[in-house]
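Notes follow once the structure below has been shown.
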Amino acid sequence: MTESAWKSVTVDRTGSVAQVTLVGPGKHNAMGPDFWAEMPQVFAELDADPEVRAVVVAGSGRNFSYGLDLAAMGETLGPVMSGENLLAGPRTALYDDIKKMQKALNAVADCRKPVIAAVQGRCIGGGVDLIAACDVRYASADASFSIREVKVAIVADMGSLQRLPAIIGDGHLRELALTGRDIDAARAERIGLVNDVLPDAEAVLAAAHATAKEIAGNPPLVVHGIKDVLDQERAARVASGLRYVAAWNSAFLASEDLGEAIQAVFAQRAPEFKGK
């Protein structure tokens, strides 16, 4: 495994358990071009490595992830924000970009090795997309979660809307996706977003590794089979939903509200949405 090659993550292995740690380079592990390009490769290697039987995903520092790195993704979002030249060609290019980015989290969900998320601090937007692609989720008591995309005039398109119905149910998902509000770890546990809440970041990482080690002690082919059988029923629905939201955003993402939302983020002010 070529750990040193990655810019957005580190990969370490202890026995049969690998740990993928988000390291940025965006602030608070924000997800920029390196993350979206590297995750399919990282998880392809983990999936193919016979020595790895389970994977823990964690974030470095105080927070798990602030989600999409808006500043670093300017090349992708710039034409959409400007609203210029959005004919068939640029819209098709945006559709392709969204589908490529979706592969980063599909690689996590499709990994035959069970993936356990260890969340501390803030888990926002793409961070929620990432943990939704994991099999088991633990959180520290200080963790908070937000499907924040609505606040920046984006329909979440990396998997939360497709994967979370099976995890937290339709009602909770609609509330969180439509409001963009933060919820704390206690609420996240009540609605099933996380399996358990631990006192702090050290404890949550220890719990994730304990579960991963327990899974790794089971027959690997049976573990793969359990994942495959559990995923079979919803795989087609998730794939269809991801294609649909990619098409939706390539058609409708460009708006004055999107530009206003992103400008407001960088100016640290409240946006004024006009529905244009």
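The values are calculated or read from the model by the stated rules, or taken from the named source; none is laboratory data. Everything numeric in this text was worked out from a predicted model, so none of it was measured. All Cβ positions, even for glycine, are placed from backbone atoms using ideal geometry, and neighbour counts span all protein chains on display. Ligands, DNA and RNA are stripped out before the accessible areas are found, and what is left, the full protein with its side chains, is counted by its heavy atoms. Shrake-Rupley method; radii C 1.70, N 1.55, O 1.52, S 1.80 Å.
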Next on the checklist: Need pairs with beta-carbon distance below 9 Å; first residue free of Cβ contacts under 8 Å to residues at least 40 places away in the same chain and within 17 Å of Gly192 (Cβ to Cβ) and within the stretch 144-161, second among the basic types (Lys, Arg) and assigned to a strand (DSSP E or B); sequence gap 6+ or separate chains.
Outcome noted: Ser146/Arg122
Checklist entry - When the stretch 1-29 is examined, which residues are found to be open to solvent by less than 50 Å² (accessible area, probe 1.4 Å), at pLDDT 95 or above and within 27 Å of Glu149 (Cβ to Cβ)? => result Ser8, Val9, Val20, Thr21, Leu22, Asn29
Checklist entry - Restricting attention to the stretch 207-236, and to residues there that are modelled with pLDDT of 95 or more and touching a helix residue (DSSP H, G or I) at 6+ places or on another chain (Cβ under 7 Å), which single residue is most open to solvent (accessible area, probe 1.4 Å)? => result Ile215
Next on the checklist: Just to be sure I understand the filter: pairs with C-beta atoms under 7 Å, separated by 6 or more residues or on different chains, first member in the stretch 182-193 and farther than 17 Å from Arg122 by Cβ, second member open to solvent by less than 50 Å² (accessible area, probe 1.4 Å) and in a helix (DSSP H, G or I). Which pairs pass?
Outcome noted: Ile191/Ile168; Gly192/Ile167; Gly192/Ile168
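Is it the case that the stretch 48-71 has a residue that's of a type in the set (Gly, Ala, Ser), over 22 Å from Gly32 (Cβ atoms), at pLDDT 95 or above and open to solvent by 20 Å² or more (accessible area, probe 1.4 Å)?
Initial filter on the stretch 48-71 (of a type in the set (Gly, Ala, Ser)): 48, 54, 58-61, 65, 67, 71.
Now narrow it down to the ones that are over 22 Å from Gly32 (Cβ atoms): 48, 54.
Still in the list and also at pLDDT 95 or above: 48, 54.
Next, from what is left, pick out any that are open to solvent by 20 Å² or more (accessible area, probe 1.4 Å): 48.
Checked the stretch 48-71: at least one residue is of a type in the set (Gly, Ala, Ser), over 22 Å from Gly32 (Cβ atoms), at pLDDT 95 or above and open to solvent by 20 Å² or more (accessible area, probe 1.4 Å).
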Item to check | Filter result (open to solvent by less than 30 Å² (accessible area, probe 1.4 Å) and assigned to a helix (DSSP H, G or I)) within the stretch 244-258 | outcome: Val245, Ala246, Asn249, Ser250, Asp257, Leu258
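Among the residues of the stretch 193-230, how many are assigned to a loop (DSSP other than H, G, I, E, B) and of a type in the set (Ser, Thr, Tyr)? Reasoning before the result, please.
Of all residues in the stretch 193-230, those assigned to a loop (DSSP other than H, G, I, E, B) come to 193-195, 199-200, 217-219.
Those still in the list that are of a type in the set (Ser, Thr, Tyr) too: none.
Within the stretch 193-230, residues that are assigned to a loop (DSSP other than H, G, I, E, B) and of a type in the set (Ser, Thr, Tyr) number 0.
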Next on the checklist: Within the stretch 87-100, does at least one residue satisfy the condition of being at pLDDT 95 or above, in a strand (DSSP E or B) and open to solvent by 30 Å² or more (accessible area, probe 1.4 Å)?
Outcome noted: no
Next on the checklist: If a residue must be among the hydroxyl-bearing types (Ser, Thr, Tyr) and without any contact (Cβ under 8 Å) to a residue 40 or more places away in the chain, how many such residues does the stretch 234-255 contain?
Outcome noted: 2
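Keeping to the stretch 13-41, report how many residues are farther than 18 Å from Val119 by Cβ and part of a strand (DSSP E or B).
Of all residues in the stretch 13-41, those farther than 18 Å from Val119 by Cβ come to 13-16, 25, 32-34, 36-38, 40-41.
The next check asks that each one be part of a strand (DSSP E or B); those that pass are 13-14.
Residues in the stretch 13-41 being farther than 18 Å from Val119 by Cβ and part of a strand (DSSP E or B): 2 in total.
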Checklist entry - Is it the case that Ala44 is assigned to a helix (DSSP H, G or I) and either buried (at least 22 other Cβ atoms within 10 Å of the Cβ) or modelled with pLDDT of 95 or more (or both)? => result yes
